[in-house]
Amino acid sequence: MNFTNKNVVISGGSQGIGLATAKAFVQQGAHVLITGRNPETLQKAAEAIDNPNLQTLAADTSNLNGITVLEKWVVESGKKVDVLFLNAAIGVYAPIQHVTEADFDAQFNTNVKGHFFTLQRLIPHLAEGASVIFTSSGVASAAGIASSVYSATKAALNKIADIAVNELAERKIRVNIISPGPIQTPGLLTVASHEVQDYLASRSALQRLGNAEEVANTVLFLASDAAGYINGADIAVDGGSIQYMLK
Ligand SMILES: NC(=O)c1ccc[n+]([C@@H]2O[C@H](COP(=O)([O-])OP(=O)(O)OC[C@H]3O[C@@H](n4cnc5c(N)ncnc54)[C@H](OP(=O)(O)O)[C@@H]3O)[C@@H](O)[C@H]2O)c1
């Protein structure tokens with residue numbers, strides 16, 4: 001896959017899946033902008049990729065001020081966006097009885113509102129035939145205990161993506177979703193103990209966690225011309241769900 005001189009914007013690109021995807025795009029010749037809230041993590045990401053085609057921007061895309069910062073950067077770049085990867089998210093796990101309003105709002109603001117308005121603001125700056133990819137999760141259609149709010153954010157995101165497919169088709173813009181299973185990233189490793197990681201691995205038919213590069217490869221494929229007739233798809237990158245195994 002060749003992305004020479006393609007312009008890629010990744011929200012939540014300073015670590016985990018976003019960082020692996022940024023690295024893969026840069027390796028294929030793309031100009032990539034990654035966002036994140038923490039400037040130090042962004043700096044580490046820039047050092048890890050170590051390529052002038054990577055740029056970083058500290059912007060909290062859970063609110064309109066941060067999204068405006070991103071929009072301004074894109075406008076000032078003078079370039080159209082060929083690939084928009086809406087990937088940032090946070091997850092706070094608690095039974096419904098213990099969910100706080102602050103945790104509810106933080107997750108919906110980051111995982112839903114932020115992507116909705118990032119897409120809205122960047123639509124005028126998307127190239128004809130651009131690719132928009134949302135990071136959802138297998139939890140959008142699952143019912144895991146203690147994941148009510150996080151799962152609801154991903155289900156809401158899927159619906160926004162579904163509708164964007166139809167609204168953007170006039171400009172030949174494709175919109176797809178990737179739904180990772182458990183992936184070894186800083187985000188997962190900070191919330192899941194070793195026992196939980198083992199359990200999650202055991203729920204995959206391949207009996208292991210995924211890695212961020214495996215998700216990144218899927219994103220690059222969806223963004224490429226090779227996926228030119230894939231639109232409105234939701235691609236699971238989860239090693240196969242155990243309930244589909246025939247024993
Ligand atoms: N890892 C998994 O097992 C798994 C499974 C299914 C789905 N996913 C989804 O995959 C995506 C990436 O997950 P990950 O595990 O790679 O996450 P991660 O390691 O926690 O990284 C999240 C990234 O998003 C950024 N971010 C968070 N809030 C932000 C905000 N308000 N504004 C801008 N950037 C923000 C973080 O940087 P800062 O903290 O500096 O802002 C970081 O770069 C998420 O959408 C997640 O829901 C992950």
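Accessible surface comparison of HIS98, HIS115, HIS31, probe 1.4 Å, protein chains only, largest first: the order is HIS98, HIS31, HIS115.
In the context of the full set of protein chains, the chain has a per residue accessible area of 50 Å² (1.4 Å probe). As I understand it, the dipole of the chain uses +1 on the Cβ of Lys and Arg and -1 on the Cβ of Asp and Glu, about the Cα centre. Which of ALA24, ALA130, SER148 lies farthest toward its positive end? Going by the charge dipole, the pick is ALA130.
Accessible surface of LYS6, taken over heavy atoms with a 1.4 Å probe and every protein chain present, rounds to 90 Å².
Is it possible to state the helix-based mean residue ellipticity at 222 nm for the chain, with each DSSP H run of 4+ residues giving -39500 (n - 2.57), the sum divided by total residues, to the nearest 500 deg cm²/dmol? What is it?
Mean residue ellipticity at 222 nm (helix-derived): -12500 deg cm²/dmol.
Based on the alpha-carbon gyration tensor of the chain, what equivalent-ellipsoid semi-axes (square roots of 5 times the eigenvalues) come out, in whole Å, largest first?
27, 20, 19
Peptides 175-184, 40-49 ordered by packing proxy, namely the average of other Cβ atoms within 10 Å per residue, highest first: 175-184, 40-49. Here's the list of lysines a cross-link from LYS80 could span, going by alpha-carbon distance under 17 Å and ignoring same-chain residues fewer than 8 apart: LYS6, LYS72, LYS172. In the complete set of protein chains, residue-level accessible area for SER136 is approximately 0 Å², probe 1.4 angstrom.
Restricting the calculation to Cα atoms, every distinct pair contributes to the Kirkwood radius of the range 102-229, found to be 16.0 Å.
How large a share of the accessible area of the range 7-238, in percent, is made up of carbon and sulfur atoms when the probe is 1.4 Å and the other protein chains stay in place?
C and S atoms contribute 53 percent here.
The listed residues LEU126, LEU200 rank as LEU200, LEU126 when sorted by accessible area, largest first, using a 1.4 Å probe.
The values are calculated or read from the model by the stated rules, or taken from the named source; none is laboratory data. If you're wondering where the values come from, they're calculated on a predicted model, not measured in any experiment. Virtual Cβ from ideal backbone geometry, glycine too; neighbours counted across all protein chains shown. When the accessible area is computed, the model is the full protein with side chains, heavy atoms only, and any ligands, DNA or RNA have been set aside. Shrake-Rupley method; radii C 1.70, N 1.55, O 1.52, S 1.80 Å.
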